[in-house]
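Visitor: What follows is a single structure, and I will ask about it in a moment.
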């Protein structure tokens, strides 16, 4: 007996029919376009790695979140990649001496996590990763290093914002929430909280949205913060104005001068990039991964609806962990699942017809015959000639020779033209948008030329930049 679930995709995965695949391609093309426009080069790695590549960075606890396996008779344990950063660090470390400094890389591909599926979270998904490895120039002093890091951080954030804007989102729709892990850690030490307790506090801050305010305040009190100070953490945002990047709300109960000083170079770079109005500096953004060493950020809907749309930060010690030289680095990842939900909920996902057009799925010409035997034998040669000329050409696979029904089929697939073969008399070209057709049939050899000319005339010129 066949398994009951043989006709179902595995839990947490997706079946993509043509319209679904077109929607996904719309997103991946936006990712690629933003990456290339900002000067990032494409890289990639295997979809599975040695298991210890992930445990080196995240410890053994991560194994329960992975799809790990051994092949039959094999001794090595592998895991489907849950993220790209370890692979990125391995790639860079392997050729660090020969690579340019900085190196700007991006990739987009499938990733896998063995976790409970829910809205916005699947076990198999696509993720866009953008990373800036190294620093521009040759900074030496602490001030020069801070500015060079801010330049890279801002460029990473600008790439993310550029892609969101290209899809129709704006600063009223989404917010880039930024924190600074090193500055926060130094400040906690200055307040008498030892580093051994920082991880517990960061875990609490990361979970604050999942508990009532009173419960959060009570737990934060164990770290030496008053209820009034807990309220500042609860609100998170400490800067909402763009005209005074150093302004901080809540200074009367918490001295946040440390934070303003830490993010001042980044604020300057974000202002120069023209995206400071997208940004909130937010003490509550800590990111779950322990290797972040400086700036961290997440992109959230302004309404607070979905999970984070994107997230990342500075990880200056990771390449060294994988055998490479000390390399400052910053990057982020964005999954397609949450982004798709946000676009669909806001009416920003194009219609199926527009997606088909953008993906080149709309036929330029649909070739049919008038039903006569001498016309039938000319269909496939004319289709081949159109395709050889670079046109998207189709023909019917139905048995009917009724011209009216075949024109309906051509209209259903939104073909631009129908080429009706009239035998020795030639070919009648019908514009399926206007209904206009040639007054007398044209030679079959002219069909590709005329359709190509009409397509080029209808294609808007690319805007100059």
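Visitor: With the requirement that a residue be surrounded by 10 or more Cβ atoms within 10 Å (Cβ to Cβ) and either at pLDDT below 90 or under 20 Å from residue 323 (Cβ atoms) (or both), what does the stretch 52-69 give you?
Guide: 52, 53, 54, 55, 56, 57, 58, 59, 60, 62, 63, 65
Visitor: Please indicate, with yes or no, whether at least one residue in the stretch 61-84 is closer than 30 Å to residue 119 by Cβ, touching a residue at least 60 places away in the same chain (Cβ under 8 Å) and part of a loop (DSSP other than H, G, I, E, B).
Guide: The answer is yes, given that some residue of the stretch 61-84 is closer than 30 Å to residue 119 by Cβ, touching a residue at least 60 places away in the same chain (Cβ under 8 Å) and part of a loop (DSSP other than H, G, I, E, B).
Visitor: May I pose another question? Got a sec? Which of 394, 416, 387 is without any contact (Cβ under 8 Å) to a residue 24 or more places away in the chain, surrounded by 15 or more Cβ atoms within 10 Å (Cβ to Cβ) and under 21 Å from residue 360 (Cα atoms)?
Guide: Answer to the selection: 387.
Visitor: Still on this structure, I have one more. Among the numbered criteria (1) farther than 19 Å from residue 311 by Cα; (2) in a loop (DSSP other than H, G, I, E, B); (3) free of Cβ contacts under 8 Å to residues at least 60 places away in the same chain; (4) out of contact with any helix residue (DSSP H, G or I) (no Cβ under 6 Å at 6 or more places or on another chain), which one does residue 139 miss?
Guide: (4)
Visitor: Between 150, 165, 217, which is closer than 27 Å to residue 267 by Cβ and surrounded by 20 or more Cβ atoms within 10 Å (Cβ to Cβ)?
Guide: 150
Visitor: Then there is this: Please work out which residue is nearest to residue 131 (Cα to Cα), limiting yourself to the stretch 315-350 and to residues that are more than 18 Å from the chain's Cα centre (by Cα) and not in a loop (DSSP other than H, G, I, E, B).
Guide: Only one residue fits best here, namely 329.
Conditions tested, residue by residue: (1) in contact with a strand residue (DSSP E or B) (Cβ under 6 Å, 6 or more places away or on another chain); (2) surrounded by fewer than 21 Cβ atoms within 10 Å (Cβ to Cβ); (3) assigned by TED's automatic domain parsing to the domain that holds residue 85; (4) in contact (Cβ under 8 Å) with a residue 12 or more places away in the chain.
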{"site": "258", "(1), (2), (3), (4)": "no, yes, yes, yes"}
{"site": "272", "(1), (2), (3), (4)": "no, yes, yes, yes"}
{"site": "281", "(1), (2), (3), (4)": "yes, no, yes, yes"}
{"site": "293", "(1), (2), (3), (4)": "yes, yes, yes, yes"}
{"site": "302", "(1), (2), (3), (4)": "yes, yes, yes, yes"}
{"site": "307", "(1), (2), (3), (4)": "no, yes, yes, yes"}
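Visitor: Residue under question is residue 47, and the condition is that it be at pLDDT 95 or above and either surrounded by fewer than 16 Cβ atoms within 10 Å (Cβ to Cβ) or in the same structural domain as residue 87 (by TED's automatic domain parsing) (or both); does it hold?
Guide: The answer is yes for residue 47.
Visitor: Residues in the stretch 439-462: is at least one on the phi > 0 side of the Ramachandran plot and under 41 Å from the mean Cα position of the chain (by Cα)?
Guide: There is no residue in the stretch 439-462 that is on the phi > 0 side of the Ramachandran plot and under 41 Å from the mean Cα position of the chain (by Cα).
The values are calculated or read from the model by the stated rules, or taken from the named source; none is laboratory data. Because the structure is predicted, anything quoted here is derived from the model rather than measured. Neighbour counts run over all protein chains shown; Cβ positions are idealised from the backbone, glycine included.
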